[in-house]
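One structure is given here, and the rest of the page talks about it.
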Amino acid sequence: MARRRFFVETIERGHARINGEEAHHLTRVLRVEPGQKFEISDNQRVYLAEVESARKDLVSFAILEEIPAAVPSVHTTLYAALIKFERFEWLIEKATELGVSAMIPVETARSEKGLERAASKRLPRWERIAREASEQSRRARLPVIESSVDLAHALRQAADYRFVLEETEAPPILSAFPEKRAPSDRVAILVGPEGGWTDDERARITCAGWRAVSLGANVLRAETAAIAALAIVNAAWQ
């Protein structure tokens, strides 16, 4: 069985610590004890570490050695239209498990009113969801979860390949991928809200140079489409 992995803020002089609510979870739920070995990441490298002490609000580790970390096959950024928060949080969790590098909520014409104002208050919760999903999926680095932006801002962002998911006629996503692919490639995926893009938004997206692609004939929920697209990109870049 693979060892559990945790993220720490810093590693100093061969030692690291976890405090606060996460330490409480380790000591009261996972029952960690001195002498147990775990993997820890400082969001740069991964190490094998041994628990030195475990108190209610503080768990300290001694670094034993650096261990190899998986290298992402591609760098993906997901620009996802704001949808109901319960479903958006599910999307954050699953996108993190699929290795997304960054996730940016996008305010669109058909996003529910008020979501953009409430989104800023949710950011710490979303970062916590991403952290927990990163530990569960044994990532070496946490994804970046940014504050919501308007569509114009999202459309200006650069990437090697920029795809927008469309419900209307568009070529299959697989046909849009380059023949030569490299781990350094940056792929951006733009996903619309329930109800799709307005005609004005679609014209602006096209003008900005994003390539429209399709996931097939079935109509998918926004979060389902996003996860399907990420999984397809991951598989294509393996």
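Of all residue pairs spaced 6 or more apart or on separate chains, those with beta-carbon atoms under 8 Å, a first member in the range 6-28 that is in a loop (DSSP other than H, G, I, E, B) and a second member that is at pLDDT 90 or above and of a type in the set (Val, Ile, Thr) are Val8/Ile18; Val8/Ile40; Ile11/Ile40; Ile11/Ile63; Gly14/Ile63.
Does the range 120-141 contain any residue that is in contact with a Gly (Cβ under 8 Å, 6 or more places away or on another chain), farther than 25 Å from Ile18 by Cα and open to solvent by 20 Å² or more (accessible area, probe 1.4 Å)? No, the range 120-141 contains no residue that is in contact with a Gly (Cβ under 8 Å, 6 or more places away or on another chain), farther than 25 Å from Ile18 by Cα and open to solvent by 20 Å² or more (accessible area, probe 1.4 Å).
The set of residues from the range 143-162 being touching a Lys or Arg at 6+ places or on another chain (Cβ under 6 Å) and surrounded by 16 or more Cβ atoms within 10 Å (Cβ to Cβ) comprises just one member, Ala159. Based on what the data block shows, is Ala226 farther than 18 Å from Val149 by Cβ, touching a strand residue (DSSP E or B) at 6+ places or on another chain (Cβ under 8 Å), of a type outside the set (Asp, Glu) and at pLDDT 95 or above? Criteria not met by Ala226. When the residues of the range 195-209 are filtered to those that are of a type outside the set (S, T, N, Q) and assigned to a helix (DSSP H, G or I), the one that is surrounded by the most Cβ atoms within 10 Å (Cβ to Cβ) is Ile205.
Residues in the range 210-238 that are outside any loop (DSSP other than H, G, I, E, B), in contact (Cβ under 8 Å) with a residue 40 or more places away in the chain and among the aliphatic types (A, V, I, L, M): Ala212, Val213, Ala222, Ala225, Ala226, Ile227, Ala229, Leu230, Ala231, Ile232, Val233, Ala236.
Tell me whether the range 44-55 contains one or more residues that are open to solvent by less than 20 Å² (accessible area, probe 1.4 Å), farther than 23 Å from Gly192 by Cβ and touching a helix residue (DSSP H, G or I) at 6+ places or on another chain (Cβ under 8 Å). Checked against the condition, which is being open to solvent by less than 20 Å² (accessible area, probe 1.4 Å), farther than 23 Å from Gly192 by Cβ and touching a helix residue (DSSP H, G or I) at 6+ places or on another chain (Cβ under 8 Å), the range 44-55 yields no hits at all. As a summary of the residue check, Leu190 satisfies the conditions (1) part of a loop (DSSP other than H, G, I, E, B); (2) of a type outside the set (Lys, Arg); (3) crowded, with 17+ Cβ neighbours inside 10 Å; (4) within 21 Å of the chain's Cα centre (by Cα) except for the one numbered (1). Within the option set Ala69, Ala81, Ala23, being modelled with pLDDT of 95 or more and either open to solvent by less than 70 Å² (accessible area, probe 1.4 Å) or β-branched (Val, Ile, Thr) (or both) holds for one residue only, Ala81. When Gly195 is tested against (1) modelled with pLDDT under 95; (2) farther than 22 Å from Leu91 by Cα, just one condition goes unmet, and that condition is (2).
Would you be able to say whether some residue in the range 58-78 is of a type in the set (Phe, Trp, Tyr) and touching a helix residue (DSSP H, G or I) at 6+ places or on another chain (Cβ under 9 Å)? There is no residue in the range 58-78 that is of a type in the set (Phe, Trp, Tyr) and touching a helix residue (DSSP H, G or I) at 6+ places or on another chain (Cβ under 9 Å).
With Leu174, Leu142, Leu165, Leu155 as the choices, which residue is under 17 Å from Thr76 (Cα atoms) and more than 21 Å from the chain's Cα centre (by Cα)?
Exactly one residue qualifies, and that residue is Leu174.
Hand me the list of strands (runs of 3 or more DSSP E) wholly inside the range 58-171 holding 1 or more residues that are farther than 30 Å from Arg31 by Cβ. Here the list reads 75-81, 102-107, 161-165.
The values are calculated or read from the model by the stated rules, or taken from the named source; none is laboratory data. The structure displayed is predicted, hence computed values, not measured ones. A quick note on method: Cβ atoms are made from the backbone with ideal geometry, for glycine too, and the neighbour counts reach across all protein chains shown. Calculation scope for accessible area: heavy atoms of the full protein, side chains included, ligands and nucleic acids excluded. Shrake-Rupley method; radii C 1.70, N 1.55, O 1.52, S 1.80 Å.
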